[in-house]
Amino acid sequence: MKKKVIFLTSFLLAILILLSTYFSYLMNNHTKKELKTMSEKTTFSSIENTPLFKKEYEKQYEKIVIQKESNFLAEVNQFLDLKYEPEEINQIYAFLRRDNIEKLLSSEKRNVKEYYSITNFDVDKIYRYEEYQMKHNCSLKEAVLKVNIGLDHDFYTQIEEIENKNDFTVLVNKYHSLGEYEPTDLKPLSYDARYQLREQARNAFEELLSGAKLEGVFIRPYSAYRSYEYQASLYEKYVLQDGKEVADTYSARPGHSEHQTGLAVDVWSEGFTEITENDAKWLQENSYKYGFIVRYTKENKSVTGYIEEPWHLRYLGFDIAWDVHEKGLAYDEYYDLYLK
C-alpha cells in the first residue's frame, strides 16, 4: 500500500514538473515574440511626416529606440544636434534619471558612459567628481558618493536649507540646515517629562529601554529634543571652553543638530555619567531593531565630521534603521544612495 502511494505521488510530481516546464517555455516564447514585435514597432517610420522629423537624421533615427516621452523626437533632435551618436542616446535613456537627461540637453556634449552604472550621479557635478577622484585617487563610484555628500568642500560651507524637515528620514549634517525649525508633535517621555521626542520616536525609544532591561542593560536619557536657541547657547559654551575647531568635532552648530528634529536622543548607563563599553556594544548591535541607529561611529568620522558618540541614537523607523545597519553605511551615505 505504501509503495503504491509513493509511486502515485512521484508520478503526479513528475507530471506537475513537466507541465510547469512546458508552461514556462510557452511564456518565454510568447515574451520573445512580444519583444520582437515591440522592437519592430519602435522605429521612426510612424512619425516620418511630422514637422519635427529631420531628413538629415534619417539614418540615425533608424538606430534609436523610441521612448514614451511625448517630446521624445524633439529631444532626440537636440541630442543629435549636440553630436551624440544613436547608441549614446539609447544608453542615456536606458540608464539615466530624467533630471540628468534634461541637464544633458541643456549643456555641451558630455561623455557620461562611465556613469551608466552609478545611479546617484548628477550631471551638474561631473567636474567635481573628476577633480575629487584625481585628488584622492579613488574609484569614480566613491568620488560620486563623497561629492554628493559635500565632502569636496569644508564642513559648514555650501550649506543647503532642508526642505523635508518633518520627514523621519530627514538628513541633518554640516551641509544641511534645519534653520529655526521646531517639530509640532513633541511628546515627553512617559516617566520623565524633562525629555521630549516626536511621538513615534518617543514610543520606539521607550520600547528600546524596556527591551534593553530584559537583557540586563540599563540606560537612561540625558538629552533629547533641543531647540535652535538651546543648541546655539550650548555650542557657544563649548566654543568658549575648547575653541571653535575642537567644539565642531563634538557639538553641532545651531540648525545643524539632529536633536532639533526631535528624533535624536543621547543616553547614559544607569549610575554613570557616560555610557559603558558593554552598553554601547548592546546599542550598536540592537538599537536598529527598535528603529534607531548609532549615528556617529569611529568608522564614519571622516564622513560626519564628529568624534565617535556611542551614546547618540537617531530614530529612522524600523525598516530604514534595519537597512542602514545591514549595509554598514553612515546615514549620510545611505541617504544619498537610497533615499535622496
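Since every read-out is calculated from the coordinates, none of them should be taken as a lab result. Being a predicted model, the structure only gives us computed values, none of them experimental. Virtual Cβ from ideal backbone geometry, glycine too; neighbours counted across all protein chains shown.
Determine the distance separating the Cα centre of region 189-216 from the Cα centre of region 146-160; give it in Å without decimals.
Between the Cα centres of region 189-216 and region 146-160 lies a distance of 34 Å.
Determine the relative contact order of the chain: mean sequence separation of Cα pairs under 8 Å and six or more apart, normalised by residue count, in whole percent. The partial results should precede the final answer.
On the way: 405 pairs, mean separation 39.7, N = 340.
For the chain, the relative contact order is 12 percent.
In terms of the Cα gyration tensor, with a ≥ b ≥ c the square roots of its eigenvalues, is the chain rounded because a/c is under 1.5, prolate because a/b exceeds b/c, or oblate?
Cα axes put the chain in the oblate bin.
Specify whether the C-alpha gyration tensor of region 113-228 places it in the rounded, prolate or oblate class, a ≥ b ≥ c being the square roots of the eigenvalues: rounded for a/c under 1.5, otherwise prolate if a/b is larger than b/c and oblate if not. The partial results should precede the final answer.
Numbers: a/c = 3.04, a/b = 2.14, b/c = 1.42.
Judged from the Cα gyration tensor, region 113-228 comes out prolate (a/c at least 1.5, a/b above b/c).
Can you flag which of LYS146/LYS327; LYS289/LYS340; LYS63/LYS340; LYS187/LYS244 are past 27 Å Cα-Cα? Before the final figure, lay out the partial values.
Working: LYS146/LYS327 17 Å; LYS289/LYS340 23 Å; LYS63/LYS340 34 Å; LYS187/LYS244 33 Å.
From LYS146/LYS327; LYS289/LYS340; LYS63/LYS340; LYS187/LYS244, over 27 Å: LYS63/LYS340; LYS187/LYS244.
Using the number of other C-beta atoms within 10 angstrom as an exposure proxy, rank SER223, SER302 with the fewest first. List each step's numbers first, then the result.
Numbers: SER223 17, SER302 9.
If I rank by nearby Cβ atoms, fewest first, I get SER302, SER223.
Counting other Cβ atoms within 10 Å, which GluC sites (Glu not before Pro) in region 211-263 have at most 12 and lie in a DSSP loop?
Working: sites: GLU215, GLU229, GLU236, GLU245, GLU258; in loops: GLU215.
Within region 211-263, the qualifying GluC sites (Glu not before Pro) (loop, at most 12 other Cβ atoms within 10 Å) are GLU215.
Is the C-alpha gyration tensor of region 160-339 telling us rounded, prolate or oblate? Criteria: a/c under 1.5 is rounded; beyond that, a/b larger than b/c is prolate, otherwise oblate.
Details: a/c = 1.27, a/b = 1.20, b/c = 1.07.
In terms of gyration-tensor shape, rounded.
In whole Hz and in residue order, list the ³J(HN,Hα) couplings for region 186-192 that follow from phi through the Karplus curve 6.51 cos²θ - 1.76 cosθ + 1.60, θ = phi - 60°; x for Gly and Pro.
So the Karplus estimates, Gly and Pro as x, are 5, 9, x, 4, 5, 10, 7 Hz.
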